[in-house]
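Here is the structure we will look at.
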Amino acid sequence: MVLSEAEQDAFVARLVGSETYQKGAVDVVATRPPMQLVTRLFDSAASVRKPRGTVRVVMISDTHERHRLLDLPPGDVLVHSGDLMLFNSSYSKETSMRKLADFNEWLATLDYHDKIVVAGNHDYCLQSLGRDAVRTALSSCTYLENEFCELNWSQLRVYGSPASVPNPLPAWRGGGVSNSPNRAFQYTSQATTSEGYAGTETDLAAVFAAVPGNLDILVVHGPVASMAPAPEYVLQPRPPLVVCGHVHEQHGAQQLGDTVVVHATSMGPTFSPTEPPIIIDISAP
């Protein structure tokens with residue numbers, strides 16, 4: 001049965017909540033070896049002095065159309081690592097473009113020197129529009145789709161990719177991988193592009209083979225640990241920072257070799273935007 005958009009909106013309203021984190025909350029990634037990698041503060045990190053010669057990066061992800069509920073701290077660079085939309089593949093192009101315009105208008109209100117956005121597996125309209133059309137629609141940021149850029153203000157070298165793989169299913173759901181219809185920019189060995197996926201695991205290896213080695217930030221939708229070619233790339237060129245999302249339960253940060261990997265998901269496990277933004281200060285080029 002095909003649901004109307006009004007029926008889908010009603011379902012989404014029941015599924016996705018409006019509960020948020022405490023105003024001013026922010027997770028701060030330590031710039032020196034800490035007892036714990038991430039510290040939660042409640043003053044928008046105003047008490048954390050930015051070291052001289054650094055760029056403050058504010059990271060979010062998986063906002064799923066609840067972006068206007070977020071309370072974001074000051075910083076220099078904003079990174080959004082995908083899933084702007086929710087069940088986007090079920091909506092018309094006109095509705096999707098209206099939602100995309102709202103996201104772009106929100107971005108325009110944010111006071112950051114540079115803003116980086118990649119897509120995620122829920123962002124079917126971005127996949128169907130194509131890179132150039134998305135870049136026109138998202139005029140308030142730098143949109144990256146398997147490509148490199150040097151940011152205008154910070155001069156940070158960034159590579160952005162919307163790549164991810166389907167989430168594994170827990171044992172109580174029978175194991176295997178998710179058959180979610182939200183497959184934009186996803187790679188899998190179990191299906192073909194005709195089923196909505198972006199490609200195979202071989203294609204995914206080519207995505208990471210094309211990433212340059214002289215990066216400051218790698219932004220990718222899927223967690224690097226979930227994609228076979230990704231950890232090898234991260235451990236070899238050793239970019240200082242990787243930002244990802246996709247798995248809501250993994251909000252936080254971890255160390256992978258010399259690289260800090262930030263899971264910047266804004267949606268919590270209960271599908272409300274309960275996870276605060278994460279910030280880190282990295283050396284300016």
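Some values worked out for this structure:
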quantity	calculated
Carbon and sulfur %, accessible surface of the chain computed with the full protein complex present, 1.4 Å	50 percent
Per residue solvent-accessible surface (Å²) - the chain, probe of 1.4 Å	46 Å²
Cβ crowding within 10 Å averaged over residues, with 219-232, 245-258, 111-124 ranked highest first	111-124, 219-232, 245-258
Under 21 Å from LYS115, Cα to Cα: lysines that are on another chain or at least 8 residues apart	LYS50, LYS99
GNM result for the chain, Cα springs below 10 Å: residue of MET85, MET97, MET59 fluctuating most strongly	MET97
Extension gain, THR31 back to ALA284 (0.36 nm per residue minus Cα-Cα distance, nm)	89.7 nm
Electrostatic dipole magnitude of the range 1-127 [Cβ: Lys, Arg +1; Asp, Glu -1; Cα centre; debye, to 20]	640 debye
Helical contribution to [θ] at 222 nm, DSSP H n ≥ 4, -39,500 (n - 2.57), averaged over the chain, rounded to 500	-5500 deg cm²/dmol
Residue among LEU107, LEU15, LEU78 with the largest mean-square fluctuation in a Gaussian network model of the chain, springs linking Cα atoms under 10 Å	LEU15
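The values are calculated or read from the model by the stated rules, or taken from the named source; none is laboratory data. This one's a predicted model, so the numbers in the text were calculated from it and none came from an experiment. Glycine also receives a Cβ, built like all others from the backbone with ideal geometry; neighbour counts cover every protein chain displayed. SASA here: full protein model, heavy atoms, side chains in, ligands and nucleic acids out. Shrake-Rupley method; radii C 1.70, N 1.55, O 1.52, S 1.80 Å.
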